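The values are calculated or read from the model by the stated rules, or taken from the named source; none is laboratory data. Computed from a predicted structure; not experimentally measured. Cβ placement follows ideal geometry from the backbone for every residue including glycine, while neighbour counts extend to all protein chains displayed. Protein only, heavy atoms only, side chains kept; ligands, DNA and RNA dropped before computing areas. Shrake-Rupley method; radii C 1.70, N 1.55, O 1.52, S 1.80 Å.
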Amino acid sequence: MEIKRLHRNRVEAALEVLEKALKGEVSNRLSAVEALKEAYARRSVEPLRGLSTESIYDKELATVHLVGVYGAGAISPGDLDDIFYIENKAHEFLQIVKNITEVLTEETKNKIKAVVADIKGKNVEDKVFRALRYVFTGTVLGLFDEPLFIKSLRTAESVYSDMSEKFLRYAAFYTAYKIAELIATDVIRGPNDLKIYKYTLCLQMGYQRCKPSDKLIKEVAVNVYKVDRGRVNKLLTGKEAIPKVS
């Protein structure tokens, strides 16, 4: 699959960091994070994020790894582990999910738990969502089909059933990105389109309560996808923006 044109500047920045990593100009995760910050800043690119920005550039290294493995084919899974030790483990999680056929066996659940346990993170929840972040990023970039993301989310939910509400929120997070993308690509043109997609996307995801907040949609559309704020406000409120009187 090809990377979506919407992410051209993001991909250029990722390739710049990847080239530095391959040349040995960045040799650890911290230096890669700093290089990515600089590359994004020069191109006015925002990380893929929601309302929180905690450790966001560290999480954004998933983009660099995915572009390197699936976009440019410049590295293989497992390469540059001093930098991509989180993404390499997340890739292992993804491969397990891909190989699941109809039944999620206890053996497979244990494999997932073992791989996730090896991901660096502050707790189990953090590790699980680092694995999902990898699949989310690949899907948003257009490198993975959406059903693979849904399968990954549902698989994680089966393994870590005590986090069901958090998986629901992650489904809403992904849906916000889908809606923001449709706004940015001019598929959603009016408030009625927005209502329809909010409903149908949640149905497609299999999470009927995953409707994202307007605040989250606006954050992604305006700051990540650079859609005009007035246009987004009009879509979300169903009203024309009223200019301020000076």
Spin-label pair GLU38/LYS234, simplified geometry with 7 Å Cα→Cβ offset, distance in nm: 4.1
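What ranking, highest mean first, results for peptides 114-126, 200-212 when packing means the other Cβ atoms within 10 Å averaged over each residue?
200-212, 114-126
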Net lengthening on full extension, GLU125/VAL187 (0.36 nm per residue, minus Cα-Cα): 18.9 nm
Two-decimal Rg to Rh for the chain - Kirkwood Rh, Cα set: 0.98
Accessible area expressed per residue, the chain, with surrounding protein chains retained (probe 1.4 Å, Å²): 50
Mean separation of Cα contacts under 8 Å (6+ apart) over length of the chain, as relative contact order %: 17
Computed label-point distance, nm, for sites GLU25 and LYS111 using a 7 Å Cα→Cβ extension: 3.9
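Would you please classify the overall shape of the stretch 72-114 from the alpha carbon gyration tensor, given that a ≥ b ≥ c denote the square roots of the eigenvalues, rounded means a/c under 1.5, and beyond that prolate means a/b larger than b/c while oblate covers the rest?
oblate
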Inter-centroid distance (Cα atoms) of the stretch 122-162 relative to the stretch 42-94, Å: 14
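If packing is taken as the mean number of other Cβ atoms within 10 Å per residue, what is the order of 175-181, 58-64, 38-44, 101-107, highest first?
58-64, 175-181, 38-44, 101-107
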Phi to ³J(HN,Hα) by Karplus 6.51 cos²θ - 1.76 cosθ + 1.60 over the stretch 21-36, Hz, x for Gly, Pro: 5, 5, 7, x, 6, 10, 10, 9, 5, 4, 5, 5, 4, 5, 5, 5
Fraction of accessible area attributable to carbon and sulfur, the chain (%, probe 1.4 Å): 49
Whole-Å semi-axes of the stretch 1-44's equivalent ellipsoid (Cα gyration tensor): 20, 12, 7
Note, ³J(HN,Hα) from phi for the stretch 169-186, Karplus 6.51, -1.76, 1.60, rounded to Hz, x at Gly and Pro: 5, 5, 4, 5, 4, 5, 4, 4, 5, 5, 5, 4, 5, 5, 5, 5, 9, 6
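Report the convex hull volume per residue for the stretch 108-237, counting only C-alpha atoms, in Å³.
Working: hull volume 14.4 nm³, N = 130.
Residue-normalised Cα hull volume stands at 110 Å³.
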In order through the stretch 144-161: 3J(HN,Hα) via Karplus (6.51 cos²θ - 1.76 cosθ + 1.60), integer Hz, x for Gly, Pro: 10, 6, 4, x, 5, 5, 4, 4, 5, 5, 5, 5, 4, 5, 5, 7, 10, 5
